[in-house]
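Structure first, then comments.
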Amino acid sequence: MLERSDLAANALTSLHDEAYDAPYNTQEINADTMIFTGGRDGVSLAGDWNFCVDLLDTGLRQKWFAMTPAPHSEPWDYDPFDGDTVPVPSNWQMLCDKWYFFEGSAWYTRSFTHDLKPGRRLFLHVGAAQYDCKVFLNGQFLGNHYGGSTPFCVELGGALTAGDNWLMLCVNNRRDADRVPMQNTDWFNYGGLYRAVTLYNTPACVIRDLFLRLEGDAIRADIHVDGPTDSARLGIPGLGIDMTVPLTDGRASLAIPATPELWSPDTPVLYDVTLSAGGDQVSDRVGFRRIERRGTDILLNGKRLFLRGISVHEDDADLGKMTSDTDLRRRFAHARDLGCNFLRLAHYPHDPRAARIADELGFLLWEEIPVYWAIDFDNPATRRDAENQLRELIRRDRNRASVIIWSVGNENPDTDARLAFMTGLADLARAEDPTRLTAAACLINHETLTIQDRLAARIDVIGINEYYGWYESDFDDLIRIGANSQPDRPVVISETGADGDHEQGPADGLFSLAYQADVYRRQIEILRKLDYVKGISPWILYDFRVERRQGIYQRGYNRKGLIAADKQTRKPAFEVLAAFYAEKQASEDR
Ligand code: GCU
């Protein structure tokens, strides 16, 4: 033990205090500490960071974050200023075999310098850290963020020094019953700093938020500036808007008469937007459109719509949960080949570039937070975590015209606690953004063979995950469900499908490609007759990695993809769905 350590007082405590992490699970880094990042020139912290896995949280116990890069005379268990490095962004599971199934804390350490002038502010922005992240700068704890797929921001302020500043991020991907998601999921539990890490240097005034959307014959702009200024300047040159906006306590909300060309998948028109305040300046590219429901119809710009979709995970055989522009554009190219106008980004917030590219190419998106299966619905801390992830997702993407649906969960049990929890999330989504539809992926009521979920009355679109032909065998039941159900709002079949193992599956029967294609034929034959079904997003575009599937035809992968994990090999079911979408689109164009 480190009795000789300059933290000797801690040496014994670190062995006997099992509440060692309580001071670092504060979650005060959250939606309210975000800054608007569009158009900012930041300093990327991508590159090699010192790294070690820390299964027993020895780092928090021994307070590795308090170490300094001086030569050490004590026998420390790890030296954050020396040893292995990993590239950031990345998922540690993809970097070396011994970390493939590692779940716990891992320490990322690097230095940076700055030339912050008096009166300027420095913010650390992390695109995503799976699952929680504790931030230390020069030995000082700055805060903790929960949520593995949403961005967060923390001001570095008083902890900064001249010369080398040492940043230490303790990222923990441990699964827990009270987390969002909890410990049981059907996707791989990646870990790490797997999206961009950036430093932003701003004036004393920092623009924290800008939300633009169509509101009748006007554009509503919500502006939030943090700092000593009483006005902002908003420019949308394509609409002839260039105006000074008075701020009250740093905020403004105003409707600006405008008739923009409407965004749609066929006309993905985007307008350049700039906002400046107190010397700070941000920009964005925004499309304006209307999405609404009337009865069981979904309407885009007043025109009824059928969502020709596909579900996608963030998963790559080489990259893990990390994605790239190339990977994203390949995904949209495959969706285009399938004849899609819609993608369900399951089951968590995807990389922000996905919605930006969808804006540009003309796709509609369902975005979702990972309130998945048996979440701890009775736990206030779990609810706080889920609500914060939803706020962070909405504030990150609510300028993206492609996003039309916020989904608050997936396949949850229909209990009173879940109803209260998810009704609260649906209400929160509307409060953060009244312009989009709310949804959840619900389950069929198999007792009554109907589409019946108490949450349906609290959301705009009823997502239904049904696997007739796979988990349920009798397609006649799907026909009965169709006939028995009279939903009063749109239904989207948010999941259906079957595994098909293209490498070593059988010639026929379960897990064969032929069987998978046949399930698609039977599903389409039944679903196309249900006039309240306004879209489908079958499960799933690509085979994806998951620990729980170790059968001989799965081998660590869920093989319901229409394309194999190589993201090249198309299965026969791909063409079955593509043919249906081509026919659907042709009938709409008539
Ligand atoms: C469920 C779940 C998915 C899962 C899929 C499957 O519906 O929502 O996350 O991967 O079924 O079993 O393949």
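Sub-9 Å Cβ pairs linking a first residue in region 366-388 that is open to solvent by 10 Å² or more (accessible area, probe 1.4 Å) and among the aromatic types (Phe, Trp, Tyr) to a second residue that is away from the ligand (no atom under 16 Å from the Cβ) and assigned to a loop (DSSP other than H, G, I, E, B), at least 6 apart or interchain, are 377/415, ordered by first then second residue.
Residues checked against (1) open to solvent by less than 40 Å² (accessible area, probe 1.4 Å); (2) at positive phi; (3) assigned to a loop (DSSP other than H, G, I, E, B):
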site: 262; (1), (2), (3): no, no, yes
site: 269; (1), (2), (3): yes, no, yes
site: 284; (1), (2), (3): yes, no, no
site: 298; (1), (2), (3): yes, no, no
site: 314; (1), (2), (3): yes, no, yes
site: 331; (1), (2), (3): yes, no, no
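Taken over region 460-480, the criterion of being touching a strand residue (DSSP E or B) at 6+ places or on another chain (Cβ under 6 Å) and away from the ligand (no atom under 13 Å from the Cβ) is satisfied by 460, 461, 462, 475, 478. In this structure, residue 129 qualifies as under 18 Å from residue 196 (Cα atoms), touching a His at 6+ places or on another chain (Cβ under 9 Å), of a type in the set (Gly, Ala, Ser) and open to solvent by less than 40 Å² (accessible area, probe 1.4 Å).
A quick yes/no check of all residues on (1) among the β-branched types (Val, Ile, Thr); (2) open to solvent by less than 10 Å² (accessible area, probe 1.4 Å); (3) within 16 Å of the ligand (Cβ to nearest atom):
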site: 180; (1), (2), (3): yes, yes, yes
site: 184; (1), (2), (3): no, no, yes
site: 190; (1), (2), (3): no, yes, yes
site: 194; (1), (2), (3): no, yes, no
site: 201; (1), (2), (3): no, no, no
site: 204; (1), (2), (3): no, no, no
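Do the conditions hold for residue 456, that is, is it aliphatic (A, V, I, L, M) and touching a residue at least 24 places away in the same chain (Cβ under 8 Å)? The answer is yes for residue 456. Annotation: of all residues in region 490-527 being among the polar types (S, T, N, Q) and more than 20 Å from residue 549 (Cβ to Cβ), the one that is nearest to the ligand (Cβ to nearest atom) is 494.
So, in region 543-570, exactly how many residues are in a loop (DSSP other than H, G, I, E, B), surrounded by fewer than 23 Cβ atoms within 10 Å (Cβ to Cβ) and either within 22 Å of the chain's Cα centre (by Cα) or not polar (S, T, N, Q) (or both)?
The number of residues fulfilling the criteria is 13.
Among residues of region 466-480 that are on the phi > 0 side of the Ramachandran plot, those with a Cβ under 7 angstrom from a residue that is open to solvent by less than 50 Å² (accessible area, probe 1.4 Å) and within 15 Å of the ligand (Cβ to nearest atom), sequence gap 6+ or separate chain, pair up as 469/498; 469/519; 469/523.
Considering only region 267-283, I want to know if a residue exists there that is in contact with a strand residue (DSSP E or B) (Cβ under 6 Å, 6 or more places away or on another chain) and closer than 30 Å to residue 490 by Cα. Checked against the condition, which is being in contact with a strand residue (DSSP E or B) (Cβ under 6 Å, 6 or more places away or on another chain) and closer than 30 Å to residue 490 by Cα, region 267-283 yields at least one hit. Within region 499-511, the residues that satisfy the criterion of being over 19 Å from residue 312 (Cβ atoms) and surrounded by 20 or more Cβ atoms within 10 Å (Cβ to Cβ) are 501, 505. Looking only at residues that are more than 16 Å from the ligand (Cβ to nearest atom) and in a loop (DSSP other than H, G, I, E, B) in region 528-542, which one is most open to solvent (accessible area, probe 1.4 Å)? Restricting to residues being more than 16 Å from the ligand (Cβ to nearest atom) and in a loop (DSSP other than H, G, I, E, B), the top hit is 529. Return the total of residues in region 454-498 being open to solvent by 20 Å² or more (accessible area, probe 1.4 Å) and under 24 Å from residue 433 (Cα atoms). So the count comes out to 6.
The values are calculated or read from the model by the stated rules, or taken from the named source; none is laboratory data. Because the structure is a prediction, the values reported are computed rather than measured. Note that we place each Cβ from the backbone using ideal geometry, even for glycine, and neighbour counts take in every protein chain shown. Only protein heavy atoms, including side chains, enter the accessible area calculation; ligands, DNA and RNA are left aside. Shrake-Rupley method; radii C 1.70, N 1.55, O 1.52, S 1.80 Å.
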